[in-house]
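Working notes, structure below.
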């Protein structure tokens, strides 16, 4: 897979993102915001999708809740897409949705040209473990009736934990300093990202 991993929203390499998408349709995964009531949730998701559309990227909503317990349907859908964009929000809720839909397994089946893009929680979830994230996100928020146990394992697609919003003009920046301290004390490999910065892996 290819990766475009941003601290906040699109980040500072929009032309590179367009190049990685390569005129394919990508699925927008909104589930890190599933704890937020309507209409705020839908309004925020629409704005996020519009950011991608404004770059000339074709994007469609890929709500993982529609695939809970339907792994084969999600496998088929992912094969139709050129990649995914995973928005920020609460990392632990996103991880729960990925588990219940089978996304956490199916994403590892994608080929070298498939793009995994996203920001904040959508990037944090790629680590081997979500240990440390609880300094910012509450792992005990459980919005899905199908699951009532927090998941602390990450997708293990990166060998380190990405800590976004580092030293940035963001409400969570002060808490990120606590994450850095926690990860340092517990020997958890991590990389920090300031808002605007991106990690690109090809």
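Descriptive notes on the structure:
- Of all residues making up the stretch 19-35, the number that are under 18 Å from the mean Cα position of the chain (by Cα) and exposed (fewer than 15 other Cβ atoms within 10 Å of the Cβ): 1
- Every pair of residues 6+ apart whose Cβ atoms lie under 6 Å, when the first sits in the stretch 175-195 and is without any contact (Cβ under 8 Å) to a residue 60 or more places away in the chain while the second is assigned to a loop (DSSP other than H, G, I, E, B) and surrounded by 19 or more Cβ atoms within 10 Å (Cβ to Cβ): 175/136; 176/165; 176/166; 179/132; 182/132; 183/132; 188/132; 192/166
- For residue 12: the one exception among (1) in contact with a helix residue (DSSP H, G or I) (Cβ under 6 Å, 6 or more places away or on another chain); (2) in a loop (DSSP other than H, G, I, E, B); (3) closer than 24 Å to residue 191 by Cα: (1)
- Every condition in (1) touching a strand residue (DSSP E or B) at 6+ places or on another chain (Cβ under 6 Å); (2) under 21 Å from residue 200 (Cα atoms) holds for residue 62 except the one numbered (2).
- Against the numbered list (1) touching a residue at least 40 places away in the same chain (Cβ under 8 Å); (2) surrounded by fewer than 20 Cβ atoms within 10 Å (Cβ to Cβ), residue 87 comes up short only at (2).
- Residue in the stretch 59-74 that is surrounded by the most Cβ atoms within 10 Å (Cβ to Cβ), counting only those that are in a helix (DSSP H, G or I) and touching a helix residue (DSSP H, G or I) at 6+ places or on another chain (Cβ under 9 Å): 64
- Scanning the stretch 110-131 for residues that are surrounded by fewer than 21 Cβ atoms within 10 Å (Cβ to Cβ) and touching a helix residue (DSSP H, G or I) at 6+ places or on another chain (Cβ under 7 Å) returns a single hit, 110.
For (1) in contact with a helix residue (DSSP H, G or I) (Cβ under 9 Å, 6 or more places away or on another chain); (2) surrounded by 14 or more Cβ atoms within 10 Å (Cβ to Cβ); (3) in a loop (DSSP other than H, G, I, E, B); (4) modelled with pLDDT under 95, each residue gets a yes or a no:
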{"residue": "145", "(1), (2), (3), (4)": "no, no, yes, no"}
{"residue": "151", "(1), (2), (3), (4)": "yes, yes, yes, no"}
{"residue": "155", "(1), (2), (3), (4)": "yes, yes, yes, no"}
{"residue": "159", "(1), (2), (3), (4)": "no, no, yes, no"}
{"residue": "176", "(1), (2), (3), (4)": "yes, yes, no, yes"}
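- All positions within the stretch 161-174 that are surrounded by 15 or more Cβ atoms within 10 Å (Cβ to Cβ) and on the phi > 0 side of the Ramachandran plot: 165
- Any chance residue 93 is touching a residue at least 12 places away in the same chain (Cβ under 8 Å) and within 12 Å of the chain's Cα centre (by Cα): yes
The values are calculated or read from the model by the stated rules, or taken from the named source; none is laboratory data. The structure displayed is predicted, hence computed values, not measured ones. Reconstructed Cβ throughout: ideal geometry from the backbone, glycine too, with neighbour counts over all protein chains shown.
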